[in-house]
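One structure coming up, written as structure tokens, with questions to follow.
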Amino acid sequence: MRRPDKPLTQPTDVFNVRRKLRATLDRTALPDVLVRLYERSTGISHPSALIGRRNVPSTAQTPSAVLAIAAHPDDEVLGLGCTLYKHRACGDAVTVVFMTNGSGPDWGAHKALQRTVAEARFHEACNALGIIGITPAHILNLGFPDRGLMRYIPEAVSDVTTLFEIYRPKLVYVHAIEGGHRDHDATSFIVQYASTLAGLSCVYEWAEYNRDAPMNGNISEAKFPHDPYISDFTPSPTPFDYTAADIRQAMLNEYVSQKYLIERYPFTGEILRRAHPEYLLERFAYFRSMSLGRAKHLTRGLPKPNRSTHPATT
Ligand SMILES: [Zn+2]
């Protein structure tokens with residue numbers, strides 16, 4: 001019998017049920033198939049019709065010394081802004097790649113709305129990166145769906161491998177696999193997997209929010225979470241620099257649409273580590289709290305890396 005002072009269904013109960021349902025669905029293969037079918041039926045397909053896909057080169061370009069690959073417009077500043085500023089201050093050519101269009105998590109939203117949001121976020125990125133002299137020609141968006149990158153891992157690996165061939169970077173920066181945001185982890189997996197295919201060993205990871213350093217947490221410095229698969233990571237915090245910090249803040253100010261989220265981001269410093277592209281599939285599954293079977297399903301069809309040089313998977 002229900003207590004008289006307790007409503008039958010509280011709004012928070014509904015919210016929790018939805019959240020739990022979504023979390024359960026995230027761990028199955030079925031929704032991806034349905035969502036991809038839906039997207040194809042509405043004309044969203046890789047590569048020609050992805051919303052927000054911009055400036056993706058198909059032929060050889062001037063090599064770029066530094067390639068920074070982020071899941072969403074603003075991540076490159078939150079996790080790497082000071083580092084990017086220092087590269088530009090040294091005169092390095094920097095190209096920034098966004099994996100998703102940043103149009104929001106509602107994949108069922110009207111395409112025109114998604115296009116408008118994607119356009120706005122790309123425009124904000126151009127304004128932010130323009131502060132350190134990165135021109136729009138060096139800002140790419142691959143256009144994969146926001147919060148939906150996991151559904152397109154083989155296509156994204158193919159795109160990133162092509163970018164590696166075109167730009168021949170000396171340094172690549174990307175998110176860590178850290179269990180913070182699904183697109184961040186997917187981006188890290190994709191870039192590290194592509195680096196093994198391309199034979200690139202110059203990949204560095206940055207930390208944003210994660211299990212051990214949560215958004216709205218009570219620690220002020222970014223840190224990597226404990227990784228049970230890799231014992232010899234050597235994180236190195238970027239030394240604090242007032243000028244770089246001011247420039248980073250000025251860049252963040254350009255992301256007006258993300259203001260409410262950026263204000264909650266607790267870290268002002270940055271931390272990097274050299275990537276170890278090992279046990280990628282296991283770590284991706286572990287940090288996303290998904291089964292290895294689900295991870296294998298998401299990565300089905302990927303070309304196999306040369307295990308003799310780069311043991312990306314086990
Ligand atoms: Zn992000």
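The values are calculated or read from the model by the stated rules, or taken from the named source; none is laboratory data. Only a predicted model underlies this, so the values are computations on that prediction, with no experimental measurement involved. Ideal geometry is used to build each Cβ from the backbone, glycine not excepted, and the neighbour counts take in all protein chains shown.
In the stretch 95-120, what residues are outside any loop (DSSP other than H, G, I, E, B), within 20 Å of the chain's Cα centre (by Cα) and surrounded by fewer than 24 Cβ atoms within 10 Å (Cβ to Cβ)?
Scanning the stretch 95-120 gives Gln114, Arg115, Val117, Glu119, Ala120.
For the condition at pLDDT 95 or above and either within 13 Å of the ligand (Cβ to nearest atom) or among the basic types (Lys, Arg) (or both), what is the one hit in Arg88, Arg151?
Arg88
In the stretch 246-268, what count of residues is obtained for those that are outside any helix (DSSP H, G or I) and surrounded by fewer than 17 Cβ atoms within 10 Å (Cβ to Cβ)?
4
Can you name the residue in the stretch 51-80 that is within 11 Å of the chain's Cα centre (by Cα) and aliphatic (A, V, I, L, M) and, of all such residues, is nearest to the ligand (Cβ to nearest atom)?
The selected residue is Ala71.
Also, quick follow-up: Conditions: (1) aliphatic (A, V, I, L, M); (2) away from the ligand (no atom under 16 Å from the Cβ); (3) part of a loop (DSSP other than H, G, I, E, B); (4) under 16 Å from the mean Cα position of the chain (by Cα). Ile177 meets all but one. Number of the miss?
The single condition Ile177 does not satisfy is (2).
Still on this structure, I have one more. Can you find a residue that is under 18 Å from Ala125 (Cα atoms) and surrounded by 11 or more Cβ atoms within 10 Å (Cβ to Cβ) anywhere in the stretch 231-241?
Within the stretch 231-241 (the criterion being under 18 Å from Ala125 (Cα atoms) and surrounded by 11 or more Cβ atoms within 10 Å (Cβ to Cβ)), the answer is no, since none of the residues qualifies.
Now for a different question. Kindly list, by first and then second residue, each pair from a residue in the stretch 92-106 that is of a type in the set (Phe, Trp, Tyr) to a residue that is modelled with pLDDT of 95 or more, limited to pairs with Cβ atoms under 6 Å and residues at least 6 apart or on different chains.
Phe98/Ala70; Phe98/Pro73; Phe98/Asn141
Any residue at all in the stretch 245-267 that's touching a strand residue (DSSP E or B) at 6+ places or on another chain (Cβ under 7 Å) and either of a type in the set (Val, Ile, Thr) or on the phi > 0 side of the Ramachandran plot (or both)?
Looking through the stretch 245-267, none of the residues is touching a strand residue (DSSP E or B) at 6+ places or on another chain (Cβ under 7 Å) and either of a type in the set (Val, Ile, Thr) or on the phi > 0 side of the Ramachandran plot (or both).
Please work out which residue is surrounded by the fewest Cβ atoms within 10 Å (Cβ to Cβ), limiting yourself to the stretch 180-228 and to residues that are within 16 Å of the ligand (Cβ to nearest atom) and among the aromatic types (Phe, Trp, Tyr).
The residue in question is Tyr209.
Which condition number does Glu165 fail, the rest of (1) farther than 24 Å from Ala250 by Cα; (2) at pLDDT 95 or above; (3) among the charged types (D, E, K, R) being met?
Evaluating Glu165 over (1) farther than 24 Å from Ala250 by Cα; (2) at pLDDT 95 or above; (3) among the charged types (D, E, K, R) leaves (2) as the failure.
Can we say Gly293 is part of a helix (DSSP H, G or I), over 25 Å from Ile131 (Cβ atoms) and at pLDDT below 95?
Taking the combined requirement at face value, the residue satisfies it.
For the stretch 243-260, does any single residue satisfy the condition of being under 26 Å from Ala285 (Cα atoms) and away from the ligand (no atom under 16 Å from the Cβ)?
The answer is no; no qualifying residue exists.
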